[in-house]
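*Asks:* Could you have a look at this structure, given as structure tokens, before my questions?
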Amino acid sequence: MFLASDLTDVDRPRAFGDEEADLVVHRVDLAEAVRMVLAGEVVNAASVGGILATHAVRSGAGVTRPADAPWRDRPTRFAARSRNSA
């Protein structure tokens, strides 16, 4: 997850795959997004984590870590398997 700010609208490129073909963008402010998480309207784990982490940072309850911080629990088996099968 990345917290970005001061963004501007740009033209959206055409979707390149089936996964994004039906993607619809809905913009809500952070308070509404938190409400939606707590009401069970947002259930995707990555989205829930990102919304609540953003709320924590913006409210002063947490701080971000550098983007280049070490990832101690980085999964390695899949990458190793892919290298070995090539």
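*Asks:* Could you list all residues from region 42-55 that are part of a loop (DSSP other than H, G, I, E, B) and either of a type outside the set (V, I, T) or surrounded by 10 or more Cβ atoms within 10 Å (Cβ to Cβ) (or both)?
*Replies:* Within region 42-55, V42, N44 qualify.
*Asks:* Considering region 60-83 alone, what residues qualify as being of a type in the set (F, W, Y) and modelled with pLDDT of 85 or more?
*Replies:* W71
*Asks:* A follow-up question, please. So G60 clears everything in (1) on the phi > 0 side of the Ramachandran plot; (2) surrounded by 10 or more Cβ atoms within 10 Å (Cβ to Cβ) except one condition, right? Which one?
*Replies:* The single condition G60 does not satisfy is (2).
*Asks:* Which pairs do you get when a residue that is among the aliphatic types (A, V, I, L, M), found in region 5-17, comes within reach of a residue that is at pLDDT 70 or above, reach meaning Cβ atoms under 7 angstrom, with the pair 6+ apart or on two chains?
*Replies:* A15/A21; A15/L23
*Asks:* Right, here's the next one. Looking at region 56-71, is at least one residue under 19 Å from L7 (Cα atoms) and either in contact with a His (Cβ under 8 Å, 6 or more places away or on another chain) or not in a helix (DSSP H, G or I) (or both)?
*Replies:* yes
*Asks:* Within the set of pairs 6 or more residues apart or between chains, which connect a residue that is modelled with pLDDT under 95 inside region 40-53 to a residue that is in a loop (DSSP other than H, G, I, E, B) and surrounded by 10 or more Cβ atoms within 10 Å (Cβ to Cβ) with Cβ atoms less than 6 Å apart?
*Replies:* G50/M1
The values are calculated or read from the model by the stated rules, or taken from the named source; none is laboratory data. Computed from a predicted model, the values in this text were never measured in an experiment. Here Cβ is always computed from backbone atoms with ideal geometry, including for glycine, and neighbour counts include all displayed protein chains.
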